[in-house]
Amino acid sequence: MEEQGQDLQDPQDAARPEWLTLQEFADHYGASTRTVALWVASDPGMRISRVGPACRVIRIHRSELLREPTLS
């Protein structure tokens, strides 16, 4: 794995999921899930995956924790 930052070098990384839920991402930043959904909608470069039969469930790649979230 390529070294990208301190957050990803934790010894417990192997136990952490590669794709985070909106709630997990929101908890990291102390934000609401609604705010995170707005970040996702406003940043087309954000690494996300939509899953489920209707593709309504959003997962955010753990590498996004290294980026500074911004609203456009």
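Only one of the listed residues (Gln23, Gln4, Gln12) is modelled with pLDDT under 85 and either among the β-branched types (Val, Ile, Thr) or not in a loop (DSSP other than H, G, I, E, B) (or both). That residue is Gln12. Residue count for the stretch 33-63, restricted to those that are in contact (Cβ under 8 Å) with a residue 40 or more places away in the chain and either of a type outside the set (Ser, Thr, Tyr) or assigned to a strand (DSSP E or B) (or both): 4.
Among the residues making up the stretch 58-72, those that are modelled with pLDDT of 95 or more and of a type in the set (Val, Ile, Thr) are Ile58, Ile60.
Give the stretch 38-72 a look and list any residue that's under 11 Å from Thr21 (Cα atoms) and surrounded by 14 or more Cβ atoms within 10 Å (Cβ to Cβ), or say none. Scanning the stretch 38-72 gives Ile48, Ile58, Arg59, Ile60, His61, Arg62.
The values are calculated or read from the model by the stated rules, or taken from the named source; none is laboratory data. All of these numbers come straight from a predicted model, not from anything done at the bench. Please note: Cβ atoms are built from the backbone with ideal geometry, for glycine as well, and neighbour counts cover all protein chains shown.
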